[in-house]
Amino acid sequence: MADMNGKVAIVTGGSAGIGKSTVETFVRRGAKVTIADIDAEAGERLVQSLPEGQAIFVRTDVSRQADVENLVQKTVEQFGRLDYAVNNAGIGGPAAFTADYTLEDWQRVLDINLTGVWLCMKYEIPAMLQSGGGAIVNVSSILGTVGFATAPAYVAAKHAVSGLTKTAAIEYATQGIRVNNVNPGFIYTPMLENSGMTEGSEMYNQIASLHAMKRMGTPEEVANLIVWACSDEASFVTGTVLLVDGGYTAQ
């Protein structure tokens, strides 16, 4: 992949899992990165693990407009431009059937997983236009493609992100901004491991069996696709859903 020297990226949900791997991949390619997350300790720790001057951390709740506006402003102040944005922050929400879901839980999932993506693009796009263009990747899920019992809010939000992505892609296609979705399958992240889904456990094997490859993906496998979608190698790719799901949706 071509280097990204002189380029600047924002990664939300950037302190762990897919976000962390995406930050590290961008930095290896030469880009400078703003890591956005609500976990300040993990975010600052990641900054310290990277070459000096390559990354900063900005504590951000993507459901808060003021936080997102500050995130983009701090990025441009620090690095002078914005070229790439990976809107990855999200939550799963509680598991419950549709009729049993509470309004509070429903709203919280949509606030972060859908409104948060829109808020990020609302401020990222003007900054990219000032830089002469750029690329946005909204990290969705295979559950933005198919349904999944007990996750009505999550599935609804992730499907909506696909529509939002396509709309923004059409709107800014002639202004040098590409917008795509990356939809991962079940990815083995620290969040899953900490929930008790250790590799080889019955729960792990059950989830892994849903994929044609009979395993979960790794954060690095998703990060590679995200960074490629931002790169000039994907210069004619916009408004699409890029699946990295080990064959989950092919079955």
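The values are calculated or read from the model by the stated rules, or taken from the named source; none is laboratory data. Please read all numbers here as calculations on a predicted model, not as lab measurements. As a convention, Cβ positions derive from the backbone with ideal geometry for all residues, glycine included, and neighbour counts pool all protein chains shown.
Exactly one residue out of Thr98, Thr102, Thr115 is of a type outside the set (Phe, Trp, Tyr), at pLDDT 95 or above and touching a Pro at 6+ places or on another chain (Cβ under 7 Å), and it is Thr98. In this structure, Val47 does not satisfy being of a type outside the set (D, E, K, R) and closer than 20 Å to Leu114 by Cα. Filtering Thr198, Thr238, Thr165, Thr189 for residues that are under 26 Å from Ala31 (Cα atoms) and modelled with pLDDT under 95 leaves a single hit, Thr189. Within segment 1-31, restricting attention to residues that are buried (at least 24 other Cβ atoms within 10 Å of the Cβ) and out of contact with any helix residue (DSSP H, G or I) (no Cβ under 7 Å at 6 or more places or on another chain), which residue is farthest from Cys120 (Cα to Cα)? The qualifying residue farthest from Cys120 (Cα to Cα) is Ala31.
Number of residues in segment 69-95 that are closer than 30 Å to Phe148 by Cα and aliphatic (A, V, I, L, M): the value is 5. Within segment 78-125, no residue satisfies the criterion of being surrounded by fewer than 15 Cβ atoms within 10 Å (Cβ to Cβ), free of Cβ contacts under 8 Å to residues at least 40 places away in the same chain and within 21 Å of Gly17 (Cβ to Cβ).
Scanning segment 75-115 for residues that are of a type in the set (Phe, Trp, Tyr) and in contact with a Lys or Arg (Cβ under 8 Å, 6 or more places away or on another chain), we see that the one that is nearest to Ser63 (Cα to Cα) is Tyr84.
The criterion of being hydroxyl-bearing (Ser, Thr, Tyr) and touching a residue at least 12 places away in the same chain (Cβ under 8 Å) holds for Thr75.
Output the number of residues of segment 132-162 satisfying the condition of being surrounded by fewer than 18 Cβ atoms within 10 Å (Cβ to Cβ) and either modelled with pLDDT under 95 or closer than 14 Å to Gly93 by Cβ (or both). Residues meeting the conditions: 3. Taken over segment 51-78, the criterion of being part of a helix (DSSP H, G or I) and either among the polar types (S, T, N, Q) or more than 23 Å from Gln107 (Cβ to Cβ) (or both) is satisfied by Gln65, Asn70, Val72, Gln73, Lys74, Thr75, Val76, Glu77, Gln78.
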